Amino acid sequence: MQFQQLQYFVAVAETRHFTRAAELVHVAQPSLSQQIRALERELGADLFLRARGNITLTDAGEALLPLARRILADTETARYEVQELVQLRSGRVRLGATPSLCTGLLPDVLRAFHDRYPGIRLLIEEGGSHDLVRQLARGALDLALVVLPLPTPSPALTTVELLREDLVVVSSPEAAKPGDGRRTVRIADLEGERLVMFRHGYDLRELTVAACRAEGFEPDFAVEGGEMDAVLGFVRAGLGVAVVPRMVAARSGRGLRVTPLARPGLHRTIALAHRSDVAPPRAARELQRMLLER
């Protein structure tokens, strides 16, 4: 059974005339009649009672007509929805990002994307790079913003470097300034400071702890285990200092003192990742373009 045969059948059923039906579907009448006969052979039943000047539906034709109309309607709906998606009027993007990037980088880009494509749903998944890579690999995400180098290199992923971001030290304005009041803080100056530390699995935790150990000391945690908002709140309350991305510090508002790290400082490289074996959907590719051009 072919889609075209159903079109021809419905046209004849509605016009009750083979010639007018052929004109309606823009096909020669002999071709239309041939396709109707082929459909009848396929179904094993006559669909029309043919008498000179009088075409009526058989019981089989009456049974097929509502089904054929539904199939044609569903096909038209499918065509419309695919066209809508191609034209970025509807659809979804599943984006993973580390919590610090959700706070710092994404708000402005997502607002611009939503303003341009209001029909696209944005599904955001927060997590550490390790978790996001796993979700990408199993197809649960279209794109992910991850910190390089990846915890476990994956040949199944394509990564494009997005930015290299400085890290800074944040503290409460009411507390003593870290680094004896200097304009910049060295990692070595954090020895003896109480740190507000992220939970395990946070890229920033691993980076900060590794930098302290490279300077020959173990960091002293005042509080640990928080997400980004909790860490910033604990710092505002004067519980300790924290090392955070510059963009997060810039967006965090009042209640925080921001001190740059002395050269060479600490940096992190942010990349946009997607599966190598599957092209991201059209809407995801458009978001990818906006992130790369931001």
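The values are calculated or read from the model by the stated rules, or taken from the named source; none is laboratory data. Just so it is clear, the structure is predicted and the values come from calculations on it, not from any experiment. A quick note on method: Cβ atoms are made from the backbone with ideal geometry, for glycine too, and the neighbour counts reach across all protein chains shown. The accessibility values were calculated without ligands, DNA or RNA, using every heavy atom of the protein model including side chains. Shrake-Rupley method; radii C 1.70, N 1.55, O 1.52, S 1.80 Å.
Exactly one condition in (1) closer than 29 Å to ALA112 by Cα; (2) under 32 Å from the mean Cα position of the chain (by Cα) is false for LEU266; which is it?
So LEU266 meets the others, but not (1).
Mind checking which residues of segment 248-271 are buried (at least 20 other Cβ atoms within 10 Å of the Cβ) and either within 30 Å of THR158 (Cβ to Cβ) or without any contact (Cβ under 8 Å) to a residue 24 or more places away in the chain (or both)?
Within segment 248-271, VAL248, ILE270 meet the criteria.
Since ARG37 meets every condition but one in (1) modelled with pLDDT of 95 or more; (2) surrounded by fewer than 10 Cβ atoms within 10 Å (Cβ to Cβ); (3) of a type in the set (Lys, Arg), which condition does it not meet?
If we test ARG37 against (1) modelled with pLDDT of 95 or more; (2) surrounded by fewer than 10 Cβ atoms within 10 Å (Cβ to Cβ); (3) of a type in the set (Lys, Arg), just (2) comes out false.
Among what's in segment 148-174 and is part of a loop (DSSP other than H, G, I, E, B) and at pLDDT 90 or above, pick the residue that is surrounded by the most Cβ atoms within 10 Å (Cβ to Cβ).
To start, the set of residues in segment 148-174 that are part of a loop (DSSP other than H, G, I, E, B) comprises 149-156, 172-174.
Okay, now just the ones that are also at pLDDT 90 or above, so 172-174.
Details: SER172: 18, PRO173: 11, GLU174: 10.
Only one residue fits best here, namely SER172.
For segment 67-94, name all the residues that are farther than 12 Å from PHE9 by Cβ, without any contact (Cβ under 8 Å) to a residue 12 or more places away in the chain and either open to solvent by less than 80 Å² (accessible area, probe 1.4 Å) or assigned to a helix (DSSP H, G or I) (or both).
Taking segment 67-94 as the starting set, the residues that turn out to be farther than 12 Å from PHE9 by Cβ are 70, 73-94.
When the remaining residues are screened for being without any contact (Cβ under 8 Å) to a residue 12 or more places away in the chain, the result is 70, 73-74, 76-83, 87.
Result: ARG70, ALA73, ASP74, GLU76, THR77, ALA78, ARG79, TYR80, GLU81, VAL82, GLN83.
Residues ARG213, ARG289: which one is surrounded by fewer than 14 Cβ atoms within 10 Å (Cβ to Cβ), modelled with pLDDT of 90 or more and either over 26 Å from the mean Cα position of the chain (by Cα) or not in a helix (DSSP H, G or I) (or both)? Explain how you work it out, then say what you get.
Values: ARG289 fails: either over 26 Å from the mean Cα position of the chain (by Cα) or not in a helix (DSSP H, G or I) (or both).
Only one candidate passes the filter, namely ARG213.
Look at ALA283 and say whether it is within 30 Å of HIS114 (Cα to Cα) and touching a helix residue (DSSP H, G or I) at 6+ places or on another chain (Cβ under 9 Å).
On the way: within 30 Å of HIS114 (Cα to Cα): yes; touching a helix residue (DSSP H, G or I) at 6+ places or on another chain (Cβ under 9 Å): yes.
In short, yes.
Which pairs do you get when a residue that is over 17 Å from LYS177 (Cα atoms), found in segment 220-245, comes within reach of a residue that is among the polar types (S, T, N, Q) and open to solvent by 30 Å² or more (accessible area, probe 1.4 Å), reach meaning Cβ atoms under 9 angstrom, with the pair 6+ apart or on two chains?
Note: pairs meeting the criteria are MET228/THR103; ASP229/THR103; PRO245/THR103.
Given the criteria open to solvent by 40 Å² or more (accessible area, probe 1.4 Å), at negative phi, part of a helix (DSSP H, G or I) and not basic (Lys, Arg), does LEU239 qualify?
Values: open to solvent by 40 Å² or more (accessible area, probe 1.4 Å): yes; at negative phi: yes; part of a helix (DSSP H, G or I): no; not basic (Lys, Arg): yes.
Here the answer is no, as LEU239 does not meet what is asked.
Suppose we filter segment 175-188 for residues that are surrounded by 14 or more Cβ atoms within 10 Å (Cβ to Cβ) and either over 18 Å from PRO245 (Cα atoms) or hydroxyl-bearing (Ser, Thr, Tyr) (or both); how many remain? Walk me through how you get there before you give the answer.
Restricting attention to segment 175-188, the residues satisfying the condition of being surrounded by 14 or more Cβ atoms within 10 Å (Cβ to Cβ) are 175, 177-179, 184-188.
Then drop every residue that is not either over 18 Å from PRO245 (Cα atoms) or hydroxyl-bearing (Ser, Thr, Tyr) (or both), which leaves 175, 177, 179, 184, 188.
Residues flagged as surrounded by 14 or more Cβ atoms within 10 Å (Cβ to Cβ) and either over 18 Å from PRO245 (Cα atoms) or hydroxyl-bearing (Ser, Thr, Tyr) (or both) within segment 175-188 amount to 5.
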